[in-house]
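Shown next, in structure tokens, is the structure this report addresses.
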Amino acid sequence: MFTGIIESLCEIKSINEIKKGNSTKYPAEIKFSVDIGNLSKGLKIGQSISVNGVCLTITKLNNNIAQFSVIGETVRKTCLDSIKKGDRVNIERSMRAADRFDGHFVQGHVDCTGIIHDKIVFPTETKLIIKISEELKESFQYIVRKGSITIDGISLTVVDIDNNNLLSISLIPHTLKKTTLGIKSIGDKVNIEFDILGKYISKLLPKN
């Protein structure tokens with residue numbers, strides 16, 4: 001479990017295919033490593049870390065370098081299919097019971113990816129407009145104005161939604177400086193996780 005409060009922007013040190021994929025349905029499995037710096041203190045093999053919003057298990061830990069193995073299904077469902085050596089990713093360690101809860105309940109189970117449709121810069125904030133693919137239009141039932149959403153592992157508030165599969169969020173300069181959303185541009189993909197509370201409520205309510 002995570003909170004969506006990013007602890008650090010860290011560099012990918014290596015990336016390799018474990019098993020070659022032959023289609024979008026069966027993508028390659030990958031292995032990659034990240035220099036997580038001082039966040040490695042107290043961590044051990046088998047623990048979970050959120051990498052751009054994807055909950056992954058540490059398979060090797062050598063000083064500050066954490067290694068992860070990712071199966072094809074995770075590669076297909078997330079933006080991990082496009083990461084490269086030298087890229088920077090959002091890192092958050094799993095929360096502890098005694099920690100202050102500053103974001104919202106984040107599982108690290110990415111629901112889908114979106115594409116940055118527009119990026120509008122204002123003097124005090126930047127508005128990001130994200131488009132979700134047409135086949136996932138039903139997912140908008142989980143999104144509410146002023147509700148929580150996770151973008152690349154970042155706990156954010158939805159500003160607005162419309163009928164064209166678009167949602168918007170506003171970012172303060174600190175978020176742009178400390179996360180991938182300050183690096184990414186129009187056309188780039190982002191990982192999206194909808195609010196878990198909304199998903200359970202939707203599941204329990206009777207369908208008309």
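The values are calculated or read from the model by the stated rules, or taken from the named source; none is laboratory data. It should be emphasised that the depicted structure is a prediction, and the values quoted were computed from it without experimental measurement. Here the Cβ positions follow ideal geometry from the backbone for every residue, glycine too, while neighbour counts run over all protein chains shown.
Taking the stretch 101-118 on its own, how many of its residues are among the charged types (D, E, K, R) and either out of contact with any strand residue (DSSP E or B) (no Cβ under 7 Å at 6 or more places or on another chain) or at pLDDT 95 or above (or both)?
Qualifying residue count for the region: 2.
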Filter the stretch 187-208 for residues that are over 27 Å from Pro123 (Cα atoms) and polar (S, T, N, Q); the one that is surrounded by the most Cβ atoms within 10 Å (Cβ to Cβ) is Ser202
Report, by residue number, each residue of the stretch 70-88 that is buried (at least 17 other Cβ atoms within 10 Å of the Cβ) and either touching a residue at least 40 places away in the same chain (Cβ under 8 Å) or among the acidic types (Asp, Glu) (or both). Val70, Gly72, Val75, Arg76, Thr78, Cys79, Leu80, Asp81, Ile83, Arg88
Asp160 fails exactly one of (1) out of contact with any Asp or Glu (no Cβ under 9 Å at 6 or more places or on another chain); (2) in contact (Cβ under 8 Å) with a residue 24 or more places away in the chain, namely (2)
Those strands (runs of 3 or more DSSP E) lying entirely in the stretch 1-80 with at least 3 residues not polar (S, T, N, Q): 8-19, 29-35, 54-62, 65-70
When residues of the stretch 84-100 are filtered for being at pLDDT 85 or above, farther than 17 Å from Gly53 by Cα and of a type in the set (Gly, Ala, Ser), how many remain? 1
Please note which strands (runs of 3 or more DSSP E) are completely contained in the stretch 116-186 and include at least 2 residues that are surrounded by fewer than 16 Cβ atoms within 10 Å (Cβ to Cβ). 126-132, 154-161
